[in-house]
Amino acid sequence: MLALAGTAGGAGTTRTTVEFGATLARAGRDVALLDAAFATQGLAAHVPGRINPDLTALCTGPGELSDGLVDLAVDVPGRLAACAARAPFERLARAKTPEAARRFESLLDSAARRFDHVLVDTPPVATNQAVAAVTSADRVALVAPDSERGLDRLPTMRDRLHDLGAPVDAVVATRAVGAVEAADATIPESDVRTVADLPVCADPDTEFAPAVAVAVERVLGTDLELNFPEEGLL
């Protein structure tokens with residue numbers, strides 16, 4: 001299980017989570033994406049149709065993880081499924097309680113038993129469900145935009161995670177232009193701006209896809225054995 005935690009709002013954590021998931025699924029692995037970013041609910045934009053029940057409903061009431069999982073329509077060998085948050089404010093408040101966080105932990109455990117990989121879209125760690133995500137995960141990666149604001153937050157987030165007993169395993173720099181000294185992996189900006197065209201990494205014929213594949217391999221310490229058209233290789 002990998003928690004991808006943003007260092008600040010707008011770091012591109014949701015986008016990174018979806019692209020990491022698509023890359024792993026293209027390598028034939030079954031992947032579940034779970035949403036700990038209850039406030040922004042960005043993962044819901046990638047889930048087709050009505051989301052019922054959403055993840056907050058499962059954290060505050062009855063139901064199993066399978067009830068909220070939705071397969072994403074991507075043409076890849078593996079399975080890519082998501083359980084997103086899409087809720088009114090009243091339920092969002094209840095989903096952030098310690099009791100709901102413990103229920104979230106059980107949902108994460110259920111996903112880990114059923115999928116090859118579980119990726120958790122995690123906001124900057126300041127809420128109960130975000131704490132549950134990073135303390136339940138086998139690995140934690142901080143996602144920071146390649147900017148002064150994003151990278152300056154790295155020490156603060158490292159210290160916070162250290163206090164929680166969830167040390168940082170890797171740093172991913174998004175919207176990177178070249179190498180980033182503070183990062184273990186970098187992801188460049190892509191030309192795609194609409195959710196309808198995501199995830200980019202389901203299509204190997206882009207320069208973006210191999211860069212994300214390298215990032216996934218470095219963060220997870222795995223070899224995906226993916227092939228890319230020669231003109232797309234970095």
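Would you mind stating whether ALA73 is of a type in the set (A, V, I, L, M, F, W, C), over 17 Å from the mean Cα position of the chain (by Cα) and more than 27 Å from VAL219 (Cβ to Cβ)? Full working, then the answer.
Working: of a type in the set (A, V, I, L, M, F, W, C): yes; over 17 Å from the mean Cα position of the chain (by Cα): yes; more than 27 Å from VAL219 (Cβ to Cβ): no.
Taking the combined requirement at face value, the residue does not satisfy it.
With the requirement that a residue be within 20 Å of ALA144 (Cβ to Cβ) and either among the hydroxyl-bearing types (Ser, Thr, Tyr) or without any contact (Cβ under 8 Å) to a residue 24 or more places away in the chain (or both), what does the range 4-52 give you?
THR7, THR13, THR14, THR16, THR17, THR23, THR40
What pairs can you find where one residue is in the range 204-221 and farther than 17 Å from LEU142 by Cβ, the other is of a type in the set (Gly, Ala, Ser), and their Cβ atoms are less than 7 Å apart, with a gap of 6+ or different chains?
PRO204/GLY232; ASP205/GLY232; THR206/GLY232; GLU207/GLY232; PHE208/SER190; ALA209/GLY232; PRO210/GLY232; VAL214/ALA185
Between residues in the range 63-87 that are at positive phi and residues that are among the aliphatic types (A, V, I, L, M) and outside any loop (DSSP other than H, G, I, E, B), which pairs lie under 9 Å by C-beta distance while being six or more apart or on different chains?
Qualifying pairs under 9 Å: GLY63/ALA57.
For the range 163-177, does any single residue satisfy the condition of being in a helix (DSSP H, G or I), at negative phi and over 18 Å from the mean Cα position of the chain (by Cα)? Don't jump to the end; show me each part of the working.
Step one: of the range 163-177, the residues in a helix (DSSP H, G or I) are 163.
Keeping just the survivors that are at negative phi gives 163.
In the following step, the residues that additionally are over 18 Å from the mean Cα position of the chain (by Cα) were identified as 163.
Yes; the residues of the range 163-177 include at least one that is in a helix (DSSP H, G or I), at negative phi and over 18 Å from the mean Cα position of the chain (by Cα).
So which helices (runs of 4 or more DSSP H) are wholly in the range 50-124 and hold at least 3 residues that are surrounded by 22 or more Cβ atoms within 10 Å (Cβ to Cβ) and among the β-branched types (Val, Ile, Thr)?
Ranges flagged: none.
Just to be sure I understand, how many residues within the range 136-153 are modelled with pLDDT under 95 and out of contact with any Lys or Arg (no Cβ under 8 Å at 6 or more places or on another chain)?
Result for the range 136-153: 6.
When the range 182-224 is examined, which residues are found to be surrounded by 21 or more Cβ atoms within 10 Å (Cβ to Cβ) and part of a loop (DSSP other than H, G, I, E, B)?
Scanning the range 182-224 gives ALA183, ILE187, PRO199.
For the range 20-39, give me each residue that is of a type in the set (D, E, K, R) and either within 12 Å of VAL219 (Cβ to Cβ) or in contact with a Leu (Cβ under 6 Å, 6 or more places away or on another chain) (or both).
From the range 20-39, those of a type in the set (D, E, K, R) are 26, 29-30, 35; that's our starting set.
ASP35, the sole residue that qualifies.
The values are calculated or read from the model by the stated rules, or taken from the named source; none is laboratory data. Remember, it's a predicted structure, so these values are computed and weren't measured experimentally. Please note: Cβ atoms are built from the backbone with ideal geometry, for glycine as well, and neighbour counts cover all protein chains shown.
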